[in-house]
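Participant: Provided herewith is a single structure, encoded as structure tokens, for subsequent inquiry.
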Amino acid sequence: MELFRGKVAVTFCLAVAVSSSAFAQPAADYYRGKQIRMIVGHPVGNDYDLGGRFLAKYLTKYIAGNPLIVVSNMPAASSVAAANFLYGQAPHDGTVFGSFSRNVPSQALMGQANLKVDPRKYNWLGGTALPGRVCAAWHTAKVRTPADLLTTELIVGGGGSGSSLSILPTVFNHVLGTKFRLVEGYKGTNDTVIAMERGEVEGVCATYGQFRVHQQALKEGRLRFILRAEESPLPELPDVPSIYDLAKTDEQRQLMRFVFSSVEFGRPYVLPPDSPPELVALMRKAFADAVNDPDLIAEAERLKLDMTYRPPGDLAKLVANLYHTPQSIIDTVKKLVPNIQ
């Protein structure tokens, strides 16, 4: 028995030594000849997918050893499958990282049934994009300012309960008493703008980037922005007023912050929990260097692709702040938008 125990102990020590030695290699050697898998929790052609593939092209340049980065799309359940995979199934050896919906942290806190993650345990690498949310109205609409919404109805297109098109009007109506009237059934921002041209609806609420293809209508004044959903000004729309100007209580601000803070995650990227700290540090540095590469910035500008850098510390702080939200606020959000997408 003692001899058997001795063999087990020796075997265990050897296993630990082999495991430890893998991460004791010089950084330049660890990724040399390896392949890294980038998980994207959205379908091909989606904004997250385009941003991920664009990032991968530059990221390999800044990872010592220049490993090949292969993008794998995992869009099931609105990227919940990707979040679960990165949390509990992906290897913790630095060879798999990825992104998922910016709403995953708030979804987890709300107790979404099929989401099995604790966002505080991910190793946040950083994010790209700062997709501010705005509401726009057709030029024939009577609503011109956020204050007008307290007295005048604005008919807007929606995409169903919990969709990005419907979340803003639903929350604004409940929290601030605005008079948005949702007409559900539209597939996205472009579909809704076409409906505005036909006179079916008067407005739409979506991320600012969704309006880039409608620059002509904006220049001509046929389409105009009436508000932003962020407290801080949007660099590209400094004169568009904030919906927070209508908030009168701290509770109103807290509720909107819980729902809308997801935008500040941009397109977030993580390594799985329990990844070796030295690899987390290596990947964080490579991520920051890649996103700040002058060539990446110039190409992103030509492609009209938002690659604004979101530092990992900022993302971790956002998660921590979410977990300080009073339960009463979370319960209210669950009733309003039970399936935030």
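Participant: Measure nothing but the geometry: give the 0 to 90° angle between the long axis through the Cα atoms of 294-303 and the longest principal axis through the Cα atoms of the chain, rounded to 10°.
Facilitator: 40
Participant: Considering the Cα positions of the range 207-333, please state its Rg to one decimal place and its Dmax as a whole number of Å.
Facilitator: Using the Cα atoms of the range 207-333, the pair Rg, Dmax is 18.1, 54 Å.
Participant: Further question on the same structure: Grab the other residues whose beta carbon is less than 15 angstrom from that of V333, score K and R as +1, D and E as -1, and report the net.
Facilitator: +2
Participant: With mean projected area of the Cα convex hull in nm² in mind, check [x] 20.0; [y] 16.7; [z] 15.4 and report the label derived from this structure.
Facilitator: Computed from these coordinates, mean projected area of the Cα convex hull in nm² corresponds to label [x].
Participant: Can you tell me the relative contact order of the chain? Whole percent, Cα pairs under 8 Å, sequence separation 6 or more.
Facilitator: Dividing the mean separation by the residue count of the chain yields 25 percent.
Participant: Now a separate question. Report in % the part of the accessible area of the chain that belongs to carbon and sulfur, leaving out ligands and nucleic acids; probe 1.4 Å.
Facilitator: On the way: 8570 of 15710 Å².
Answer for the chain: carbon and sulfur cover 55 percent of the accessible area.
Participant: For the range 70-145, what is one quarter of the convex hull surface built on the Cα atoms, given in nm²?
Facilitator: Quarter of the Cα hull surface area: 8.0 nm².
Participant: Among the aspartates and glutamates, which fall within straight-line cross-link reach of K61, defined as a Cα-Cα distance under 14 Å, with same-chain neighbours fewer than 8 residues apart omitted?
Facilitator: Filter leaves D289, D293, D295.
Participant: How much length is gained on full extension from A64 to A77, taking 0.36 nm per residue of separation minus their Cα-Cα distance?
Facilitator: Once the chain is fully extended between A64 and A77, it gains 1.2 nm.
Participant: Moving to a separate point now. Just name one of V193, S242, F265: the one whose Cα is farthest towards the positive end of the charge dipole of the chain (beta-carbon charges, Lys/Arg +1, Asp/Glu -1).
Facilitator: In the chain, that residue is F265.
Participant: How long is the gain from Q327 to N173 if the chain were fully straight, where each residue apart is worth 0.36 nm and the alpha carbon distance is subtracted?
Facilitator: 53.3 nm
Participant: Rank by packing, highest mean first: peptides 95-106, 49-60, 296-307, with packing defined as the count of other Cβ atoms within 10 Å averaged across residues. Don't skip to the answer; put the middle values down first.
Facilitator: On the way: 95-106: 25.5, 49-60: 19.6, 296-307: 15.2.
Ranked by mean Cβ neighbours within 10 Å, highest first: 95-106, 49-60, 296-307.
Participant: Now for a separate question. Only residues of the range 57-73 count here: report those whose backbone N is under 15 Å from the spot 7 Å along Cα→Cβ of E278, or say none.
Facilitator: Answer for this model: 64-65.
Participant: Past 23 Å, Cα to Cα: identify those pairs from K121/K335; K57/K304; K57/K219; K57/K121; K179/K248, in the order given.
Facilitator: K121/K335; K57/K219; K57/K121
Participant: Positive end of the dipole of the range 186-341, charges at C-beta (+1 Lys, Arg; -1 Asp, Glu), about the Cα centre: which of A290, L322, M256 has its Cα farthest in that direction?
Facilitator: After comparing all options, I get M256.
Participant: Something else: Just to be sure I understand: with springs between alpha-carbon atoms less than 10 Å apart, which residue in D250, D274, D295 has the highest mean-square fluctuation in the Gaussian network model of the chain?
Facilitator: D250
Participant: Would you mind working out the magnitude of the charge dipole of the range 178-278 relative to its Cα centre, with +1 at each Lys and Arg C-beta and -1 at each Asp and Glu C-beta, to the nearest 20 Debye?
Facilitator: 420
Participant: To the nearest 20 debye, what is the magnitude of the charge dipole of the range 17-167 about its Cα centre, counting +1 on the Cβ of each Lys and Arg and -1 on the Cβ of each Asp and Glu?
Facilitator: Once rounded to the nearest 20, the dipole reads 220 debye.
Participant: Once you charge only the Cβ atoms, +1 for Lys and Arg and -1 for Asp and Glu, what is the size of the charge dipole of the range 112-177 about its Cα centre, to the nearest 20 debye?
Facilitator: Values: 6 positive and 3 negative charges, 48 e Å.
That gives a dipole near 220 debye.
Participant: Name the residue, out of G157, G188, G41, whose mean-square fluctuation peaks in a Gaussian network model built on the chain with Cα pairs under 10 Å.
Facilitator: Among G157, G188, G41, the largest mean-square fluctuation in the Gaussian network model of the chain belongs to G188.
Participant: Right, something else. Give me the accessible area per residue for the range 177-300, probe 1.4 Å, as a whole number in Å². Working shown, then result.
Facilitator: Details: 5610 Å² over 124 residues.
For the range 177-300, the solvent-accessible area averages 45 Å² per residue.
Participant: Given R₀ = 45 Å, FRET efficiency for V213-E251 by Cβ-Cβ distance, to 0.05?
Facilitator: So, using R0 = 45 Å, E works out to roughly 0.75.
The values are calculated or read from the model by the stated rules, or taken from the named source; none is laboratory data. If you're wondering where the values come from, they're calculated on a predicted model, not measured in any experiment. All Cβ positions, even for glycine, are placed from backbone atoms using ideal geometry, and neighbour counts span all protein chains on display. Calculation scope for accessible area: heavy atoms of the full protein, side chains included, ligands and nucleic acids excluded. Shrake-Rupley method; radii C 1.70, N 1.55, O 1.52, S 1.80 Å.
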